[in-house]
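Notes follow once the structure below has been shown.
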Amino acid sequence: MAAGYRLNQVAVSGEKSLKTLVENRRAFTLDNCELNLFETLQPSLLVPLTFSDFVITSMLRGKKVMHLFDKPGFDYLPGETVLVPANVTMKIDFPDANLDNPTQCIALALDQNKIQHIVDRLNETYPREGKHQFWNLHHNQYHFLNNLELAQTLNKLIRICSGSALGKDILADLTLQELIVHIIQTQNLAAVEEGAYSNEDSPLAFVVNYIRANISEKIHVEELSEKACMSRTSFYRAFKREFSISPLDFILNEKIKKAKNLLSATKASISDICYQLGFSDLNYFGRQFRKSEGISPTQYRSMSQGNEAGTSI
């Protein structure tokens, strides 16, 4: 499984400044947000934590197991973000935390009215394509991998909140707007990947379904823009604005996803899979696969088939 983009680690608190070894808290309070940095240095189970505001959390180091919304606990690792609504209690396990391997996590508390103001401005200034389509931040899509833009924006906000720059409240407000936009885009892309992005009134939903139905073909942006009834420039801009990824990168990601399925579930040769998915260069296919997954197609097949064999024993 591909990992999300990690945030920059922050220096762990000195031992003398620690008030507790479980969720030791450092807070940086600004006009419209509060950045909390939590550190845990000993194993603990079901530690409760509740905020009166909406909270954007992201892991910096270590591992937690999160329990939210009466659902099974899930591993929470660096490169991931979790959204928690106001007055919802999260219960957290720290199975591996110790002095040499602390967990570190940020929790950015935002007033819901501030979030709504940003979303309203986004809808007014950059309306979405299609009838009855509005930007919104969804609480049910609360756990996702960081993309590059989201990680960079969170790192920037940490620097602003914990620093002493002139006008830090103004800088934080601008970055908060950017952060909310990136979270909404990330949620939209996650909905696509989960098959939950479908709306008859959205030309982009139609295009996404078309790409998936024709993933073995060579697909051109001009062809997609025609199907969306938009100019090439308008289509490219709308797609990038919706998902924070270009149409070509999305097509490539879908091809790699299909390749992983074929490598795991069939005995087709790697060259056959390459050409079956519309790649004309086997070396290019291999480079792009390694860039996405961190390993070669051959290594991926070996690992996936090895896991299946281990499961069947």
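The values are calculated or read from the model by the stated rules, or taken from the named source; none is laboratory data. Not measured: the values here are computed from a predicted model. Glycine also receives a Cβ, built like all others from the backbone with ideal geometry; neighbour counts cover every protein chain displayed. In case anyone asks, the SASA skips ligands and DNA or RNA and just uses the protein heavy atoms, side chains included. Shrake-Rupley method; radii C 1.70, N 1.55, O 1.52, S 1.80 Å.
What single numbered condition from (1) open to solvent by 60 Å² or more (accessible area, probe 1.4 Å); (2) more than 21 Å from Tyr5 (Cβ to Cβ) fails to hold for Lys156?
Condition (2) is where Lys156 drops out.
Among the residues that make up segment 278-290, is at least one of them assigned to a helix (DSSP H, G or I) and in contact (Cβ under 8 Å) with a residue 40 or more places away in the chain?
Within segment 278-290 (the criterion being assigned to a helix (DSSP H, G or I) and in contact (Cβ under 8 Å) with a residue 40 or more places away in the chain), the answer is no, since none of the residues qualifies.
Inspect segment 124-138 for any residue being of a type in the set (Lys, Arg), surrounded by 15 or more Cβ atoms within 10 Å (Cβ to Cβ), more than 30 Å from Leu21 (Cα to Cα) and at pLDDT below 95 and give the result as yes or no.
Among the residues of segment 124-138, at least one is of a type in the set (Lys, Arg), surrounded by 15 or more Cβ atoms within 10 Å (Cβ to Cβ), more than 30 Å from Leu21 (Cα to Cα) and at pLDDT below 95, which makes the answer yes.
Restricting to segment 206-241, name every residue that is open to solvent by less than 30 Å² (accessible area, probe 1.4 Å), touching a residue at least 24 places away in the same chain (Cβ under 8 Å) and farther than 22 Å from Glu149 by Cα.
Scanning segment 206-241 gives Val207, Ile211, Ile215, Ile219, Val221, Ala228.
Are any residues in segment 96-113 out of contact with any strand residue (DSSP E or B) (no Cβ under 9 Å at 6 or more places or on another chain) and either within 19 Å of Arg6 (Cα to Cα) or part of a strand (DSSP E or B) (or both), and if so, which ones?
Matches in segment 96-113: Asn98 only.
Out of segment 80-95, which residues are surrounded by fewer than 17 Cβ atoms within 10 Å (Cβ to Cβ) and touching a strand residue (DSSP E or B) at 6+ places or on another chain (Cβ under 8 Å)?
Across segment 80-95, the qualifying residues are Pro85, Ala86, Thr89, Lys91, Pro95.
For Pro203, indicate whether it is under 25 Å from the mean Cα position of the chain (by Cα) and either more than 19 Å from Ala190 (Cβ to Cβ) or among the aromatic types (Phe, Trp, Tyr) (or both).
yes
Take the residues of segment 9-51 that are open to solvent by 90 Å² or more (accessible area, probe 1.4 Å) and out of contact with any Asp or Glu (no Cβ under 9 Å at 6 or more places or on another chain): which is nearest to Cys161 (Cα to Cα)?
Restricting to residues being open to solvent by 90 Å² or more (accessible area, probe 1.4 Å) and out of contact with any Asp or Glu (no Cβ under 9 Å at 6 or more places or on another chain), the top hit is Thr29.
Quick one: what pairs do we get from segment 1-26, first residue more than 26 Å from Leu145 (Cβ to Cβ), second at pLDDT below 90, C-beta under 8 Å, 6+ apart or different chains?
Asn24/Ser13; Asn24/Leu18
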